[in-house]
1. Are any of the residues in region C:371-383 assigned to a helix (DSSP H, G or I), free of Cβ contacts under 8 Å to residues at least 60 places away in the same chain, in the same structural domain as residue C:57 (by TED's automatic domain parsing) and crowded, with 22+ Cβ neighbours inside 10 Å?
2. From the list B:258, B:202, which residue is in a helix (DSSP H, G or I) and closer than 30 Å to residue C:418 by Cα?
3. Here are B:49, B:92: which of them is closer than 28 Å to residue A:230 by Cβ and more than 7 Å from chain A (Cβ to nearest Cβ)?
4. Can residue C:339 be described as over 22 Å from residue C:388 (Cα atoms) and part of a loop (DSSP other than H, G, I, E, B)?
5. Please work out which one of (1) assigned by TED's automatic domain parsing to the domain that holds residue C:243; (2) touching a residue at least 24 places away in the same chain (Cβ under 8 Å) is the condition residue C:420 fails and give its number.
6. Could you say which residue among C:158, C:162 is more than 22 Å from residue C:48 (Cβ to Cβ), part of a strand (DSSP E or B) and more than 12 Å from every other protein chain (Cβ to nearest Cβ)?
7. Listed residues B:189, B:177; which is at the interface with another protein chain (Cβ under 8 Å from one of its Cβ atoms), farther than 30 Å from residue A:65 by Cβ and modelled with pLDDT under 90?
C-alpha cells in the first residue's frame, strides 16, 4: 500500500519504470501464492480422481503424485459403469435450464411492472421484495415442506422451481437495469398504438437482453449447486440432482468413493467451461447486486 | 370487455407484478405465518396440532444444545465477518492497483471456488482435514514437525476447517464486490490527495474506505445472513448433522434436527422464529449504526 | 451472437419443460439401473425397497430369483434405492408420517427402530408372515422389533459380538490371542504390543457405544431399567468406562479416525495395520472382505474378553429390521416375499453366503457344509472359522433392550459422552451424570 502511494506521487516516467518492477514482482508473487493455495483443493481432487477410492480412505486426500496407484479406472467406471450418475447429471441440467429460463422470464416481467408504472401499492410491494431478500430461506423449510406436501407436489420439480420463480434478487437487479432505459420508448410505443404487453414484449425485452446474461449465470450457478431444498422434497433416486446424488454416495456401506471423487470432480467441469467462456458475464452477474449497495 | 379491462394502463402493472404477489403470498407470507403459528403448537406431520402457548419458547431457553447451536452460529458469523470483509477489501485494493500483472487471471482464479457446490467443496475439505497423518493438512503440518491434529473432533480446530471452507468459497466473490465498488471511485480523488501530500494509508482511510461503504454494508448484510443461516457446510464437513459434542451444530442444523430428524415441527418452528428475530435485529442494528456514521462523515 | 444464443437457450428451456412434463407422468421404467427384475415376466409387480446397505440389495437380488422361479403367478420386480444411513431414516420417517412417497419395503436400523414404533406405527404387522418360521429363529431378534405383541420388523442376523484380532501384529509382539480371556489379559497383551510395535491393541470408540453394550451385558446390566427408563450412570457403566479409560491411559487402546471401527476412516486405519483389534458384531466380517483386502488371511476371530471368567462373552449388536409400510402397493405380497427372503432356510444360508452375517436360524450354524464351505469368501478370508467361535459362545449371547429412549441414548453417547471421556479426559462419573441429565431432558 505504501509503495503504491509513493509511486503515484512520482510522475517522472523513467523513475516509474525502474521502481515499478520490484513492486510488480512482489504483487505478482503474492497473488500467485494466494491462487496457488486457492487452487490446491482442486488439484487434490483432480489427483484423487485418478486413484482408487480405497487409497483415499486409507491415506486421506493428499497431494502425493504416485503413478503406481493412478489409473483411468475411475473415469472408465464413470462413463461405462452401472450407476445413475448421468441420470443425475441430466436432471441437474434440465432443472437448471428450466428454472433459470422461468425465473428470468417471470422476474423480468415483474421488474418491468415495477419500473415502468406508477400504481397504488407499488412502494409497499417493492418493500416486500426487499424484505424477502432479508429473510433466511431456511426458516421456511418446514412450513414450506408441509405446504408442498398439502399441494401434492412432493417429489416433483415444480416443488423446487415454484417457490423461487419470482426471485427477489433478480427482480431487484432487473429493476435497477430498467431504470436506466428512457421512458420515451414506452411513450413512443403507446403513440404507435401498441398495447401495454406489446410494448413490453416487442420493445423492452429486446433491450433487456444484455442483463439476462448476467442473471442467467447467477441463477444458473445457484440452481446447479442447490442442495437443501431439493434434497428435502425429492425422494425418488431417478429424480435426484447431482449434489443430492453425490451426497448419497457418502456412505460407509457402499464403497462408492471411486465414483464420488471422480463424479465430484466431473461436476465442476461443465461450470468451469461455462465460466471460461462467459467470464465477463459471471463477474458482472456476481457484482450486479452490490453496485448500488 | 375483459380484454379492455386487462389492457388498460391502470390494470396492466398489476398483471405484470401479479406473479410476484402470488409467490409472495403463497410461498412467503403463508409459510411465515404458519411458522409463527406452529411455534405455539406441539405438532408432528400428519397428526393433530396441540396448542401449547409459549411452552416451546420457554423450553428453548433451557435447552443447552440449542444455546450451543446459537453460540456456534454467532461465533461462525463473527469470524466470517472478521475474515471475509477486511481481507477481500485489502486484496481488491491491491488487485485494482495499476501495477498489477495478470489482473483478470487472478480475479477469475480467486473466484473459481464459488462455482463448486457445497456438497463437493465440503467433501473435499472434510477429506483434507482428516485426522490421519497422511491427509493433506496433517501432512503439511508434518513438514514442520507438528503432530497430526484431529481437526474435526475439537471445537477450535473444527471451526478452523469450517472457516477455511468459507474463506475458500467466498474470498473471490467478496473481492469482486469490492472491486466493483472501487470502480466507482474517481481517480481524481487520489490525485488530489497526492498533491496534498497524503500518504497511502491516509488515502486508504480517507478516500477508499468511506467511498467503499455502500459495498461494505452490502457485503456485511449478506454475510450476517449467510453466517447465521449456515448449515450445509457443517453437514458436509462432519458428514452428518451429528458432530462430536455438537461442535458443528448450527441454528439451522438444530431446526433440521428437531423438525426433520425428530419431527417436532412446533419446536423446530420456534427455533426458526428465533433465528428470524436474531437475524433481523442484528441487521437492523447494523444498518442503523452504519446510517449514523454516514451522517457524521 | 448473444441474441441467437439467448433464443436457443429459451427454446431449449421450453422444449425441456415440455419433455419434463411428458416424462414425469410416464417414466416408470426410465431408471432401469436400480431395478432388479431377476427373471420376472411381464405381469410382475414392482416393489420399491429402501436400504442404507448396498449389500442388502444384493441379497434380495439372489432371493428374488428363487422367488420368481417358485412363484410364477406372483412375480416381483424390486426397485432398490440405497441412501446414506441418516438420510434414509429421515426420509422414511417423513414419508411414513405424511403418508406419501414411502417405499413398499424398507430397512430400519435397530438404533432408529423405536422412533418408528412411536404412536401408531405406520408399518404392517408381520406376525402371520413370521409364524411359519417362528420356531426356527432366535426369539430375541424378533422381540426387538415388536410393540404390543405385533412384530413389525424381520431381523437379518444375530449380530453376536466377537473380537477380530490382527494376528500379524500380535505375532510380531509375541502375543497369543487364544490366551486372552479377561480384560486383565487383554491389557497385558496390549502393553506388550505397544512396547514391541508401537501400535495400539484396540480402539476407544467415541461415535458409537458398541463396547459399552458388550461390557454392560457381561455384568448383566443395561442402558435402561425394567421400565425402559434410562440409567446410563449406573455403577456397571462407570465400571465399564473406567476399565476402558484405564486401557486408554496404558496405551492399550486409542481413539480411531471415524470414531469407531465401522467407518470408512477406520477401515483405512485397520487396513494399514495401525490397530490390532476390533470388538464388533460378527457382521463386521463383510467390512473386512470389502474394504480391507490387505488383511486377508491375517484376521482371527475370538470371544471377547470378560471382567471375570464365566461372564457371558457376547452381546447381539446392531441389526436391521426390514419392514413393510402401510402404504405398500401389495402388502401381502411384500410380507410373503420378505419372510421368504429373510427367514426361510435358503434365505438364512444365503445371508451367510452373500452377507457374511450370523443367520437368525441357528440350525444353519450346525450345517457344516454351509458354514465350512471352503469356497466361501469369508471362510477364505479369515484365519479361523467364525462358526467355531459362534458355537463356543452360542449360549452366552445376551441382548440389550431396545426401548423408546434408546435412540436418544445412542445419540448422546455417540456425539457427546464418549468424546468427552476419551478425547477430553472428562471425569467419567461426571460425564455420565451429565449424559443422564441430558437424556432425561431430551426425552421430556
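1. no
2. On inspection, the qualifying residue turns out to be B:258.
3. On the way: B:92 fails: closer than 28 Å to residue A:230 by Cβ.
Exactly one residue qualifies, and that residue is B:49.
4. no
5. (2)
6. Of the residues listed, the single one that is more than 22 Å from residue C:48 (Cβ to Cβ), part of a strand (DSSP E or B) and more than 12 Å from every other protein chain (Cβ to nearest Cβ) is C:162.
7. Of B:189, B:177, the one residue that is at the interface with another protein chain (Cβ under 8 Å from one of its Cβ atoms), farther than 30 Å from residue A:65 by Cβ and modelled with pLDDT under 90 is B:177.
Every residue, every condition in (1) within 16 Å of residue C:417 (Cα to Cα); (2) in contact with a strand residue (DSSP E or B) (Cβ under 7 Å, 6 or more places away or on another chain), yes or no:
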site	(1), (2)
C:161	no, yes
C:175	no, no
C:191	no, no
C:212	yes, no
C:226	no, no
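The values are calculated or read from the model by the stated rules, or taken from the named source; none is laboratory data. These numbers were taken from a predicted model, which means no experiment stands behind them. Because the Cβ atoms are built from the backbone with ideal geometry, glycine has one as well, and the counts that use them run over all protein chains shown.
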